[in-house]
1. Output the number of the condition that Thr181 fails; it satisfies all remaining conditions of (1) touching a Phe, Trp or Tyr at 6+ places or on another chain (Cβ under 7 Å); (2) buried (at least 24 other Cβ atoms within 10 Å of the Cβ); (3) under 30 Å from Thr534 (Cβ atoms).
2. Examine the range 552-565 for a residue that is touching a helix residue (DSSP H, G or I) at 6+ places or on another chain (Cβ under 9 Å) and closer than 30 Å to Tyr215 by Cβ, and state whether such a residue exists.
3. So, in the range 334-360, of the ones that are closer than 17 Å to Gly320 by Cβ and open to solvent by 60 Å² or more (accessible area, probe 1.4 Å), which residue ends up nearest to the chain's Cα centre (by Cα)?
4. Every residue in the range 546-598 that is of a type in the set (Val, Ile, Thr) and within 17 Å of Asp340 (Cβ to Cβ), please.
5. Determine whether the range 449-465 contains at least one residue that is within 27 Å of Gly347 (Cα to Cα), part of a strand (DSSP E or B) and not aliphatic (A, V, I, L, M).
6. Considering each residue of the range 507-527, count those that are assigned to a strand (DSSP E or B) and either among the β-branched types (Val, Ile, Thr) or under 28 Å from Thr446 (Cα atoms) (or both), and give that number.
7. Scan the range 433-454 and tell me whether some residue there is within 28 Å of Ala373 (Cα to Cα) and at pLDDT below 95.
8. Restricting attention to the range 376-391, does a residue exist that is open to solvent by 70 Å² or more (accessible area, probe 1.4 Å), touching a Lys or Arg at 6+ places or on another chain (Cβ under 9 Å) and not hydrophobic (A, V, I, L, M, F, W, C)?
Amino acid sequence: MPTSRPLRRLLPLALALAAAPAVAGEYSRTVFFGDSLTDSGHFRSLIPEQARPFTGKFTTNPALVWSEYVAGHYGTDATTAVEGGDNYAQGGARAGVSTITADSTLAQVNAFLAAEGGRADSAALYTVWTGANDIFAIAEGAPVDSTIATAVGGAVQAVGALDAAGARYILVPNLPDIGITPDAIAAGPMAQATLTALSAGYNDALYGALGQAGYRVIPLDTFNMLREIAASPAAYGLSNVTGVACQPPGSSSLTCNPTSYASPDAGQAYLFADGVHPTGVVHAMLGDYVLSVLEGPRLAAVIPYSATVTGRSRADQVAGHVDGRPEAAGLRWWGGLRADHQRYGHGDLYDGIAPAGLFGLDWSNGNGLVAGAFAGYGRMDADFGGDRGGFTQDEATLGGFIGWYGQRGWVNGQASYTYLDVDVDREVHIGPALRRHSGSTDGHATSVGLAAGYDFGDGALRHGPVASLLWQKIDLDGWSEGNTSSSALVLPDQSRDSLVGSLGWQLSYDTGGVNPYVRATWDREFEDGPSEVTARLATLPDMEYAVPGLRLDDDYGTVVVGARFDLFGLKADLGARSTVDRRGGSDAGLFLGLGGSF
């Protein structure tokens, strides 16, 4: 049918958007520098070939180390640099002083930058975790002040070299509490206290120097995190937090394997593999912790974005509640219910249901002019995808509407204010332990929209172009997460602007009793979302850090299918809508509108 060609062109667009794949991870690469805590097998080539699959890392081999877990999550590389990978960490490395057996962390960074032509990819995640071997040097007799100063200086220079080369995301964990290791315990209470004090002193000096130099890094509080595990081992599935999983005592975990475990389940039951290094199961917990710090701020950024999606759905309902030119002057009422389903990142980012209702009053002059006001309430109940918790968002809206409707063309405008009340429960899984960090906040959304259309055709079949423009501004207050621990976050205020333009075609057919219709539009978001989102760790409140913002599609397609008809003397509008994009995002729902005259 010639009159439906524009519609036929738009429908395949929406279907194609729904079928397109999601995008890659948040980081282009993960590049690691440091010592044995991060080393994924630098010394493997020194081990007899037949034993390499079962040894070569400073843990309960053949387990993974935390860097490999993080790289696995982002689909990047954590194999060693000697094997052509992005893990430059070497067991025994000090921060700024190279030795016969290991390059310093600073030398590792310089080697990486030399191989990269002096440039660091701004979309990559870099890790600089160093300083433990400098503390061990002090324990063996090196001078305290100068050794810590040199170590801190080396770490800061390493971060500075990456920053100067273009790196934007640099993860800098602090040192774990060396005083709780089996080696420290064996040396006695005084040695434990000294090593704890040295670890804490190095951490304070490191973060202080980084701040003074003006470098913004992503902190990681392994000092408190491992203390939390040691204080409640059963919650993390551990039964031994003072002994060593690898036998005999005093041996290095570099060659540890199942034949030398203290017990068959030692790799899962012990905190420490040898006198200072974590077991494989604790490395997995470290990986969980790193990901919670990197992804937590991005989950918070979902909330203002979700408010823009419900705002679009609400604006569509308001814009379409008048069906053609009013027949007579006077007052009329209208109301509607919606049930929307938002699903983004194929459900891995968030997935939720948002029922809502609107009620309004309109006045018409009988000559095409319509003006009125409306109020509404909705509630979004969403999961963060997987087992990361979720949020509820209550919305109360007041707004106004004005429009003009001719025999063929129409145009209308609206403005509204929405109060937001948000409760968030972020769940962090550290091994088998579940940490629930709850918080509450509020905010508001302001929106202004314009919509217009024109109908061709003189009979039952009518069709024509439609266009709309919707501006929204979402402001959300910050909040502090409860259950304060190393994984709890302090989230700042957030603001998000949205300007969505839509252009498409609609078609309707008047049967005399039922008027079915379909509308398809191409939609574009003209405002860029925040390129970065920020947070602070509750246990390191002076260290604000940034991670990449949400990567969401700016182009998507919307299809609405419905029918208008009389129902018990009222005007009814029943239908469904679906919006899909190329990054695995969708917003679909059902709606029912009713209206009548006074």
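1. Every condition holds for Thr181 apart from (3).
2. yes
3. So, considering only residues that are closer than 17 Å to Gly320 by Cβ and open to solvent by 60 Å² or more (accessible area, probe 1.4 Å), the one nearest to the chain's Cα centre (by Cα) is Leu337.
4. Within the range 546-598, Thr558, Val559, Val560, Val561, Thr579, Val580 meet the criteria.
5. So far as the range 449-465 goes, no, none of its residues is within 27 Å of Gly347 (Cα to Cα), part of a strand (DSSP E or B) and not aliphatic (A, V, I, L, M).
6. 9
7. The answer is no, given that none of the residues of the range 433-454 is within 28 Å of Ala373 (Cα to Cα) and at pLDDT below 95.
8. no
The values are calculated or read from the model by the stated rules, or taken from the named source; none is laboratory data. The model shown is predicted, which means the values in this text are computed figures rather than measured ones. Neighbour counts run over all protein chains shown; Cβ positions are idealised from the backbone, glycine included. Ligands, DNA and RNA are excluded from the accessible area calculation, which covers all protein heavy atoms including side chains. Shrake-Rupley method; radii C 1.70, N 1.55, O 1.52, S 1.80 Å.
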